[in-house]
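Data block below; observations after.
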Amino acid sequence: MDTRGHDEEEPPKPVVLITGCSTGGIGHALARAFAEKKCRVVATSRSRSSMAELEHDQRFFLEELDVQSDESVRKVVDAVVDKYGRIDVLVNNAGVQCVGPLAEAPLSAIQNTFDTNVFGSLRMVQAVVPHMATKKKGKIVNIGSVAALASGPWSGAYTASKAALHALTDTLRLELGHFGIDVVNIVPGAIKSNIGDSAIASYNRMPEWKLFKPFEAAIRDRAYFSQKSKTTPTDEFAISTVAAVLKEKPPAWFTYGHYSTVMAIMYHLPISVRDFVLKKAMKG
């Protein structure tokens, strides 16, 4: 007769909700890496078809999610809690690039960047935290960027949005610790992804520059800067990141990938030196 009690059963698999899981991006790689670690992965994207590769894999629960919509966020979070009873890890990965000089870029494009990268992440946090707080347990993972450590020309809106997310993450870590919730700032370096393609697609919708017309080639080149030859493979980044996040006591800050060390050094350089290096690198 089997006398084993419930306390000897395997612990439940962590339920991980990830935003921005389109094929070819960091979120997609993170989804696969979490699944390899036996997590139940809720992979989300604005379009389900962009996650088609995961469609018939039983390890994934796919949902369409627009982080700019209160209704969409509430609907997905409710669906996950209904299905699994909890959310153990939230990964705020959904993000958009915005390339262009700040003095001429349309405010609507800059607002869209903040609406996705900053307010979209906060919207997810506010929807998920009540569920985590009742369990006195959970992890919130925000995907920042090394670009926020040293703001160069041509991507000021994106860099500023990630800097804002870094600051919010630091505050959330202090506020949510009271409820047993860990908050982790993931700071990727240059990771192979489709961000260059999406950046150039949004750049092509920008107006023709006036003052900055002579810098057109340099500005366009900025869209692909993180995707040049020296990029860290997406899967390598995802495996290392997931290992850090799933630790019992995850780090407050985890950076990985090409340029991550260089940018950390840049952050501590005298401003005049940093400006010189960035202007040269970005042809500013």
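I want to verify a result. In a Gaussian network model of the chain, Cα cutoff 10 Å, which of these has the top mean-square fluctuation: Leu107, Leu30, Leu17?
Sorting by GNM fluctuation, first place goes to Leu107.
Treating only the Cβ of Lys, Arg, Asp and Glu as charged (+1, +1, -1, -1), what charge dipole size does the chain show about its Cα centre? Round to the nearest 20 debye.
The calculation lands at about 800 debye.
Give Lys135/Lys192; Lys75/Lys162; Lys210/Lys230 a once-over and call out the pairs whose C-alpha atoms are over 29 Å from each other. Display every interim value, and only then the final one.
Numbers: Lys135/Lys192 36 Å; Lys75/Lys162 26 Å; Lys210/Lys230 33 Å.
In this structure, Lys135/Lys192; Lys210/Lys230 lie more than 29 Å apart at Cα.
Filter the chain for me: DSSP H helices, axial length by Cα at least 20 angstrom, mean Kyte-Doolittle hydropathy not below -0.5. List them by residue number. Could the numbers behind the result be given before it?
On the way: long enough: 70-84 (21 Å, -0.37); 120-135 (24 Å, 0.33); 156-176 (29 Å, 0.23).
Helix filter hits for the chain: 70-84, 120-135, 156-176.
Could you tell me how far the Cα centroid of the stretch 29-67 sits from the Cα centroid of the stretch 84-141, in Å?
So the two Cα centres are separated by 17 Å.
Could you work out, for the chain, what percent of all Cα-Cα pairs fall into each 5 Å distance bin, beginning at 0 Å and stopping at the bin that holds the largest distance?
1, 6, 12, 16, 18, 16, 12, 8, 5, 3, 1, 1, 0, 0, 0, 0, 0
Given a 10 angstrom Cα cut-off, can you work out which residue in Ile191, Ile219, Ile265 is the most mobile in a GNM of the chain?
It is Ile265.
Using +1 at the C-beta of Lys and Arg and -1 at the C-beta of Asp and Glu, which of Ser22, Thr116, Ala218 has the Cα lying farthest in the positive direction of the dipole of the chain?
Selected residue: Ala218.
Where a number appears in this text, it was derived from the coordinates with a stated rule and is not lab data. These numbers come from a predicted model, not from an experiment. Please note: Cβ atoms are built from the backbone with ideal geometry, for glycine as well, and neighbour counts cover all protein chains shown.
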